[in-house]
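Just so it is clear, none of the values below were taken in a lab; they were calculated from the coordinates. Being a predicted model, the structure only gives us computed values, none of them experimental. As a convention, Cβ positions derive from the backbone with ideal geometry for all residues, glycine included, and neighbour counts pool all protein chains shown.
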Amino acid sequence: MTVTIFNRLGEDEQGNGIYKPCVFRNVYIETKTAANPVYSGERNNDNFRLYLFTNRGYLPKDEFLKSPHSHWTLAPGDLLVKGIHRDLPRRHYRINTINEFYARDKFHHWEVSGRGQLLES
């Protein structure tokens with residue numbers, strides 16, 4: 001599977017997020033589609049778990065913000081979309097949790113999880 005992670009760089013003058021897309025191929029992603037009923041209708045409760053098997057080009061968030069051009073990062077609040085995208089689609093997932101695993105007998109990997117965008121009813 002291929003995904004695009006949109007790393008948050010900051011905000012523009014209107015307070016809108018500025019994102020840099022980073023494409024990752026050969027990842028494993030599990031998604032679940034759900035909706036929670038609320039008083040005003042339904043709320044999106046989609047969620048995902050991504051297994052990312054690389055650290056080439058990775059920088060911690062603080063270092064990434066100083067040199068984002070040929071690097072990527074993972075941070076809560078970054079966004080994720082299945083497939084290859086240059087621009088952020090309306091429907092996307094928000095990254096909430098990032099776990100990095102170094103295992104002696106297993107391949108180094110990241111486990112990233114989060115939820116779908118909360119949509120207006």
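Listed values, structure above:
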| item | result |
| --- | --- |
| Helical contribution to [θ] at 222 nm, DSSP H n ≥ 4, -39,500 (n - 2.57), averaged over the chain, rounded to 500 | -1000 deg cm²/dmol |
| Cα extents of the chain along the three principal axes, largest first (Å) | 48, 41, 22 |
| Gaussian network model of the chain, Cα within-10 Å springs - most flexible of Pro21, Pro76, Pro60 | Pro60 |
| Lys pairs under 17 Å by Cα in region 3-116, provided they are eight or more residues apart or on distinct chains | 4 |
| Along the chain, longest interval not containing exposed chymotrypsin sites (Phe, Trp or Tyr not before Pro), exposed being DSSP loop plus at most 15 other Cβ atoms within 10 Å | 54-101 |
